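Asker: Shown below is the structure under consideration.
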Amino acid sequence: MTTARAALDRFVAAVDAEGLGAYGVHVRVGDDEVAHRWRSDDRENVYSVSKGVCALAVGIAVDEGLLTLDTRVPELLPDVQLGEGVDRVSVRHLLTMTSGIDFAWFGDEPVPGDDLAATMLALPATGTGERFRYTDSSPYVAMRMLAAVVGDVRDWLLPRLFDPLGIDNPQWHRCPLGFVVGGSGLELRTSELARIGRLLRDRGSFAGQQLVSASWVDGMHAGWVEAGTDGPFTRYGLAVWDGPGPAWRLDGRYGQYVVVDQDRDAVVTVTAHEETHDHRLAELAVSSVRSA
């Protein structure tokens, strides 16, 4: 039977042997959790792992009856001028990157125009629900839609997600209009990200409290969309990627990962700055749990 300590030891040994730029790792198997640090546990931008938190935010709002995955853009952003076909774009399309809008923007780039949502939504949408285009702008628009019903998304999440997880006053990068960037820019410690990983592995439950419905978390890694890319980027769900192997993951630039292997009742959380072989860290997360 896999033990958390054995899996951690294998992961650390492999990272050291391959010279990968990991900051920290937490391994939880069953009720046992162990960790290793290569540097202090500081808050860092977890990049596109932030998209998974966007999906959790939407899930909590769905649980509260505030919107649905099928809520369309004009229902919550009625004052934004829409390009042809954009009236059909829903929260689901934005979280799965299938809006059909040919526009890509990422959180470390300047915001085009006065309003990122207006810039994106003024373009036409073709192949909505079918064409995959990875971008930070889609979850940004989803968070703009959520903000229309809850106010400031980060503040709304404090009592619903962050505080119950023991994540005190997290910062989230914002656009010039003051809205959270959404698809990137959430700053967390490895230990804080590990609690989000535990929440995902335990299907929305943390310390005896159901923060988001189990059916929502199940749906995040079901109904995969074909991403049409190679290697570790083949299928996408609600802000999560399929794999490696039998696992699914939150995936951020330079090696930020939450890798969930529910067959092994395990979750491995990694923070890093690895520019060359970042996805090797995700592979090692799965192999360490399955080989220990």
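Asker: Scan the range 1-11 for residues that are aliphatic (A, V, I, L, M) and surrounded by 20 or more Cβ atoms within 10 Å (Cβ to Cβ) and jot them down.
Answerer: Within the range 1-11, Ala4, Ala7, Leu8 meet the criteria.
Asker: If I filter the range 218-227 for residues that are buried (at least 19 other Cβ atoms within 10 Å of the Cβ) and closer than 15 Å to Leu56 by Cα, do I get at least one hit?
Answerer: Yes; the residues of the range 218-227 include at least one that is buried (at least 19 other Cβ atoms within 10 Å of the Cβ) and closer than 15 Å to Leu56 by Cα.
Asker: From Gly24, Gly65, grab the single residue that is among the small types (Gly, Ala, Ser) and either modelled with pLDDT under 95 or surrounded by fewer than 16 Cβ atoms within 10 Å (Cβ to Cβ) (or both).
Answerer: Gly65 is the lone residue from the list that is among the small types (Gly, Ala, Ser) and either modelled with pLDDT under 95 or surrounded by fewer than 16 Cβ atoms within 10 Å (Cβ to Cβ) (or both).
Asker: I would also like to ask the following. Name the pairs whose Cβ atoms lie under 7 Å apart, with the first residue in the range 153-174 and in the same structural domain as Glu64 (by TED's automatic domain parsing), the second β-branched (Val, Ile, Thr) and in a helix (DSSP H, G or I), and 6 or more positions between them or separate chains?
Answerer: Correct list of pairs: Trp156/Val150; Arg160/Ile60; Leu161/Ile60; Leu165/Ile196.
Asker: Considering only the range 88-99, I want to know if a residue exists there that is surrounded by fewer than 21 Cβ atoms within 10 Å (Cβ to Cβ) and farther than 23 Å from Ser213 by Cα.
Answerer: Yes, the conditions are met somewhere in the range 88-99.
Asker: Can you confirm whether the range 267-283 contains a residue that is without any contact (Cβ under 8 Å) to a residue 40 or more places away in the chain, out of contact with any Leu (no Cβ under 9 Å at 6 or more places or on another chain) and among the aliphatic types (A, V, I, L, M)?
Answerer: no
Asker: Could you identify the single residue in Gly208, Gly197, Gly178 that is of a type outside the set (Val, Ile, Thr) and in contact (Cβ under 8 Å) with a residue 40 or more places away in the chain?
Answerer: Only one candidate passes the filter, namely Gly197.
Okay, residues lined up against (1) of a type outside the set (A, V, I, L, M); (2) touching a strand residue (DSSP E or B) at 6+ places or on another chain (Cβ under 8 Å):
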residue: Phe11; (1), (2): yes, yes
residue: Val15; (1), (2): no, yes
residue: Val49; (1), (2): no, yes
residue: Val62; (1), (2): no, no
residue: Thr68; (1), (2): yes, no
residue: Val73; (1), (2): no, yes
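Asker: OK, next. What helices (runs of 4 or more DSSP H) lie completely within the range 131-218 and have 3 or more residues being modelled with pLDDT under 95 and within 14 Å of the chain's Cα centre (by Cα)?
Answerer: none
Asker: Now for a different question. Sort through Ala227, Ala222 and tell me the only one that's farther than 27 Å from Thr2 by Cβ and hydrophobic (A, V, I, L, M, F, W, C).
Answerer: Ala227
Asker: Residues Ser184, Ser291: which one is in contact with a helix residue (DSSP H, G or I) (Cβ under 9 Å, 6 or more places away or on another chain), surrounded by fewer than 20 Cβ atoms within 10 Å (Cβ to Cβ) and among the polar types (S, T, N, Q)?
Answerer: Sole residue among the options that is in contact with a helix residue (DSSP H, G or I) (Cβ under 9 Å, 6 or more places away or on another chain), surrounded by fewer than 20 Cβ atoms within 10 Å (Cβ to Cβ) and among the polar types (S, T, N, Q): Ser291.
Asker: Restricting to the range 247-292, give me the number of residues that are over 13 Å from Thr190 (Cα atoms) and either assigned to a helix (DSSP H, G or I) or aromatic (Phe, Trp, Tyr) (or both).
Answerer: So the answer is 19.
Asker: With respect to Leu20, is the statement that it is touching a residue at least 60 places away in the same chain (Cβ under 8 Å), touching a Lys or Arg at 6+ places or on another chain (Cβ under 7 Å) and not in a strand (DSSP E or B) true?
Answerer: Yes: the conditions hold for Leu20.
Asker: With respect to Val260, is the statement that it is outside the structural domain of Ser137 (by TED's automatic domain parsing), within 30 Å of Gly129 (Cβ to Cβ), in contact with a Ser or Thr (Cβ under 7 Å, 6 or more places away or on another chain) and at pLDDT 95 or above true?
Answerer: no
The values are calculated or read from the model by the stated rules, or taken from the named source; none is laboratory data. Values in this document were obtained by computation on a predicted structure and should not be read as measured data. Please note: Cβ atoms are built from the backbone with ideal geometry, for glycine as well, and neighbour counts cover all protein chains shown.
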